[in-house]
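Written below as structure tokens is the structure these notes are about.
The values are calculated or read from the model by the stated rules, or taken from the named source; none is laboratory data. Since we're looking at a predicted model, the values are computed, not measured. Note that each Cβ is placed from the backbone with ideal geometry, even for glycine, and that neighbours are counted across all protein chains shown. SASA here: full protein model, heavy atoms, side chains in, ligands and nucleic acids out. Shrake-Rupley method; radii C 1.70, N 1.55, O 1.52, S 1.80 Å.
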Amino acid sequence: MAAKRSRKATPAKRARARTDVHRALRDHVVALLRTGHAHLGFEDVVADWPAALRGAKPPGQRFTPWRILEHIRISQWDIVEFTKSAKHVSPEWPSGYWPDTDAPGDDAVWDRSVAQVERDLRAMAKLVADPKTDLFARIPHGTGQTILREALVLADHNSYHLGQLLLLKRLLGIHRESGPRTPS
């Protein structure tokens, strides 16, 4: 997993904050995408997932960790690419948003999926953080969507499915509570 970066404000960041009237909104949305504020972020949820349990389906559960991870990856990729490009073609709904198998073929497949989620999260965060990005302008090739809306949909969608993954971790006996989180 990527190391945490220092969030200390540099002179350049302070100057951008003074000239960008939406800086606080951008910062809040980027933090929501990266850490989840009131819940665990993506990196924490997928960390240390035993390979043998990536295709496990606890009793009463519909999905495996692999199916949820891939659904996050595909859905997030679709949102990011739609936001960036008029040439993007979304997968067929709903079948194109879910993998065909309950388990990844091997560790490398799982790792590639995790890496793609992380790359797409960074791409959306970078787009939102850029003061040149008009968060409120309609996406020209959309039907009324804005970049802000797409970033919030992405964060909301991921939050829902990260909760499912955390539940699976608990049901499989592999989640370790790290102590109470204090809201900031």
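The table below gives the values:
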quantity	calculated
Residues located in the range 80-111, provided they are touching a residue at least 60 places away in the same chain (Cβ under 8 Å) and either loosely packed, with under 15 Cβ neighbours inside 10 Å or closer than 20 Å to Gln164 by Cα (or both)	Trp110
Within the range 141-166, tally of residues that are in contact with a Pro (Cβ under 8 Å, 6 or more places away or on another chain) and within 17 Å of Ala123 (Cα to Cα)	0
Residues of the range 120-149 classified as surrounded by fewer than 14 Cβ atoms within 10 Å (Cβ to Cβ) and assigned to a helix (DSSP H, G or I), total	1
Among (1) in contact (Cβ under 8 Å) with a residue 24 or more places away in the chain; (2) assigned to a loop (DSSP other than H, G, I, E, B); (3) loosely packed, with under 15 Cβ neighbours inside 10 Å - the single one Ala56 does not satisfy	(3)
Close pairs (7 angstrom Cβ cut-off, 6 or more residues apart or separate chains): without any contact (Cβ under 8 Å) to a residue 24 or more places away in the chain and of a type in the set (A, V, I, L, M) in the range 59-70, open to solvent by 20 Å² or more (accessible area, probe 1.4 Å) and part of a helix (DSSP H, G or I) anywhere	none
Filtered residue count, the range 32-46, keeping only those that are open to solvent by less than 30 Å² (accessible area, probe 1.4 Å) and assigned to a helix (DSSP H, G or I)	4
